[in-house]
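Here, each number is a calculation from the coordinates, and none is a lab measurement. Quick caveat: nothing in here was measured; it's all calculated off a predicted structure. Cβ placement follows ideal geometry from the backbone for every residue including glycine, while neighbour counts extend to all protein chains displayed.
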Amino acid sequence: MSVSSALVSFAVLAGLVTVTPGIDTVMVLRATLAGGRRVGAATAAGIFVGVLAWGVAAAVGVSALLATWVLGYTVLRYAGAAYLLLLGFRLLRAAWRGDHTDPAADPTALALTPARGFRQGLVANLLNPKVGAFYVAAVPHFLPDGVSPLGMGVLLALVHDLEGLVWFAAIILGAHRARRLLAGRRARRAVDATAGTALVAFGLRLGAP
C-alpha cells in the first residue's frame, strides 16, 4: 500500500465517521447558535487539535497502550462522561431558567467566548476514549511499509481534520444564518434544552459499561 492510497482509503473511512452525528457536531452547532461564527470556529479548532493529538498518540502506540490498560481507559471514559454531563446539565439549567439572554440574572455565568469554545472542544475530544479507540483500530491498517508511523499518523489525523473542516464549515454557515430565527428567548431556550439533552445522552452512553 502506497502513502497516497492509504490516505485516500483512510479519507473514505474518516469521512463517514465525520458526518455521523455525534458529540463534536452538537458542540459546534450549539456554540455557533449561541456565540456566532467565531465561537463555532474556535470550538471546531479545539476538536481538530484533539483529533491531531489522538492521531499522534495512535501512531506512537500511546492510545494502543491505553486500550489495553483497563484502569486508565476506564478513568478516561468516566472523566469524559462526567465532563459531557456537566456541560449538558449547564445547558439544561440555562434552558430551564432562561437566564442566557440576561447576564444579570446569573452573575456567575460564563459567557461563551472563542477561548472557552476552543477549550470545551479540545477537552471533550481528549476525554473521549472512543476517539482513541477509533485511531487504535484504524491507523495500523493505513501504515505503509517503510514509512514513519509518527509522520503517517500525523498525516492521517490531518486528513481527518481537513474533512472535519469542510463539515464544520457547512454547519457553522448554516447555523449562523439560522441565528436570527433563533434569537428569541423561547428559541434560545429550546436550542439549549436540545443540545443539553444530547450531551447528557452522549455522556451517559460514554459512561455506560
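Can you tell me the length gained on complete extension of the stretch ASP145 to TYR78, counting 0.36 nm per residue apart and subtracting the Cα distance? If you can, show how the numbers build up before the last one.
Numbers: separation 67, 0.36 × 67 = 24.12 nm, distance 3.65 nm.
Taking ASP145 through TYR78 to full extension adds about 20.5 nm, to one decimal.
Each of LEU127, LEU87, LEU162 has some number of other Cβ atoms within 10 Å of its Cβ, and from fewest to most they run LEU162, LEU127, LEU87. For the range 7-52, the equivalent ellipsoid derived from the Cα gyration tensor has semi-axes of 23, 12, 8 Å, listed largest first. Roughly what would the spin-label model give for SER9 and LEU162, points 7 Å off Cα along C-beta, in nm? Going by the 7 Å Cα→Cβ label model, 1.8 nm. Our estimate of slack between MET1 and VAL17, defined as 0.36 nm per intervening residue step minus the Cα-Cα distance, is 3.5 nm. Grab the beta carbon distance between ALA201 and ARG38, set R0 = 22 Å, and tell me the FRET efficiency rounded to 0.05. Taking R0 as 22 Å, the efficiency between ALA201 and ARG38 is 0.20.
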